[in-house]
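The values are calculated or read from the model by the stated rules, or taken from the named source; none is laboratory data. This structure is a prediction, so every number in the text was calculated from the model and none was measured. Cβ: placed from backbone, ideal geometry, glycine included. Neighbour counts: every protein chain shown. Surface areas here come from the heavy atoms of the whole protein model, side chains and all, with no ligands, DNA or RNA. Shrake-Rupley method; radii C 1.70, N 1.55, O 1.52, S 1.80 Å.
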Amino acid sequence: ADAYIFFDLDETLWDFKRNSVETLQDLFALYRLEEKGLKEDTFYSRYHYHNNIYWDLFRKGLLAREDLRVIRFLTTLKDFDITDDALAKSMSETYLRLLPTKTRLFDHALDVLAYLHQKYSLHIITNGFEEVQFKKLKNSGITSYFKNVITSEMAGSQKPNREIFKYAFDKTSASVLNSIFIGDSMEADIAGAKSIGMDHVFFNPERTIHYEQLTHEIYSLAELKNIL
């Protein structure tokens, strides 16, 4: 295989939203949050609201990883007038333990990976936490498709920074000319691929409206078979 395909993991192959909701449902039951006066759907929406804000700060280098993990639960609980550091810390640990055991992939993911694996060299570039990402791949049964899993921790740089892509090229001996990047995030994945001049596929299952010039755009992973 002289051509290299780099995939993002969360929300591109591994269905982060659905897997996260399942994990939050588990937490809601395990910690008996209903007895503490929480409503299930409000709990999810407040968690996602805070999580998005803190992830943004983390990506910009303004928040440490360990702080991100706990503070999102602390502030969510505060919305329900609960101030309990120990509870937030415990919830954070349980969430990170359970989340990577969830196995929902996007439709056609397995089929497309089996198809591409025969023709190309496949790799992952992810901003997610290293130990968590490896577990997700293993539990959802897709580890064997990928030669390298490049994480931001390993590279010392996050998407969209050029450094993580350069690191990936060094590690895989790929180059801009014989590679393509597939991801769902315009800010991290597509902007990163563009900054280094790499062909890219924007995975847009929600059909989000945008005005970007793209190499390719797909609404279902099955469409990769037409492109590649």
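How about region 158-197: which of its residues are over 20 Å from E130 (Cβ atoms), touching a helix residue (DSSP H, G or I) at 6+ places or on another chain (Cβ under 8 Å) and buried (at least 23 other Cβ atoms within 10 Å of the Cβ)? Answer for region 158-197, where residues must be over 20 Å from E130 (Cβ atoms), touching a helix residue (DSSP H, G or I) at 6+ places or on another chain (Cβ under 8 Å) and buried (at least 23 other Cβ atoms within 10 Å of the Cβ): S179, I182, A193.
For region 1-33, a tally of residues being among the acidic types (D, E) and modelled with pLDDT under 95 returns 1. G61 meets the conditions (1) open to solvent by 30 Å² or more (accessible area, probe 1.4 Å); (2) on the phi < 0 side of the Ramachandran plot; (3) among the small types (G, A, S) in every case but one. The failed one is (2).
Can you report the number of residues in region 122-173 which are among the aromatic types (F, W, Y) and either touching a Ser or Thr at 6+ places or on another chain (Cβ under 7 Å) or part of a strand (DSSP E or B) (or both)?
Kept after step one, since they are among the aromatic types (F, W, Y), are these residues of region 122-173: 129, 134, 145-146, 165, 167, 169.
Applying the additional criterion that residues be either touching a Ser or Thr at 6+ places or on another chain (Cβ under 7 Å) or part of a strand (DSSP E or B) (or both) yields 167, 169.
Qualifying residue count for the region: 2.
Taken over region 152-179, the criterion of being of a type in the set (S, T, N, Q) and under 18 Å from the mean Cα position of the chain (by Cα) is satisfied by S152, S157, Q158, N161. For region 201-213, the count of residues that are modelled with pLDDT under 95, over 19 Å from S121 (Cα atoms) and within 16 Å of the chain's Cα centre (by Cα) is zero.
How about region 91-113: which of its residues are assigned to a helix (DSSP H, G or I) and open to solvent by less than 40 Å² (accessible area, probe 1.4 Å)? Outline the logic, then answer.
So in region 91-113, the residues assigned to a helix (DSSP H, G or I) come out as 91-101, 109-113.
If the condition is that a residue be assigned to a helix (DSSP H, G or I) and open to solvent by less than 40 Å² (accessible area, probe 1.4 Å), then M91, S92, T94, Y95, L96, L98, L99, P100, A109, V112, L113 are the ones that fit.
Within region 126-139, residues that are in contact (Cβ under 8 Å) with a residue 24 or more places away in the chain reach partners that are of a type in the set (K, R) and open to solvent by 70 Å² or more (accessible area, probe 1.4 Å) with beta carbons closer than 9 Å, at six or more positions or on different chains, in the pairs N127/R59.
Considering (1) of a type outside the set (V, I, T); (2) over 29 Å from K166 (Cα atoms); (3) open to solvent by less than 90 Å² (accessible area, probe 1.4 Å), the lone condition that E35 does not fulfil carries the number (3).
Among the residues of region 129-138, those that are touching a strand residue (DSSP E or B) at 6+ places or on another chain (Cβ under 9 Å) and open to solvent by 10 Å² or more (accessible area, probe 1.4 Å) comprise F129, E130, F134.
Would you please name the residue that is farthest from V112 (Cα to Cα), looking only at residues in region 17-48 that are part of a helix (DSSP H, G or I) and out of contact with any helix residue (DSSP H, G or I) (no Cβ under 9 Å at 6 or more places or on another chain)?
Of the residues in region 17-48, the ones part of a helix (DSSP H, G or I) are 17-30, 33-36, 40-48.
So of that shortlist, the ones also out of contact with any helix residue (DSSP H, G or I) (no Cβ under 9 Å at 6 or more places or on another chain) come out as 18, 29, 35, 41-42, 45.
Values: R18: 20, A29: 35, E35: 44, D41: 33, T42: 36, S45: 32 Å.
In this case the residue turns out to be E35.
Taking the residues in region 1-16 that are assigned to a strand (DSSP E or B) and not aromatic (F, W, Y) as candidates, determine which candidate is most open to solvent (accessible area, probe 1.4 Å). Talk me through it step by step, then tell me what you get.
Kept after step one, since they are assigned to a strand (DSSP E or B), are these residues of region 1-16: 4-7, 10, 14.
Going one step further and asking which of them are not aromatic (F, W, Y), we end up with 5, 10.
Values: I5: 2, D10: 34 Å².
Taking the candidates together, the pick is D10.
A residue that is modelled with pLDDT of 95 or more and more than 18 Å from the chain's Cα centre (by Cα) occurs nowhere in region 127-138.
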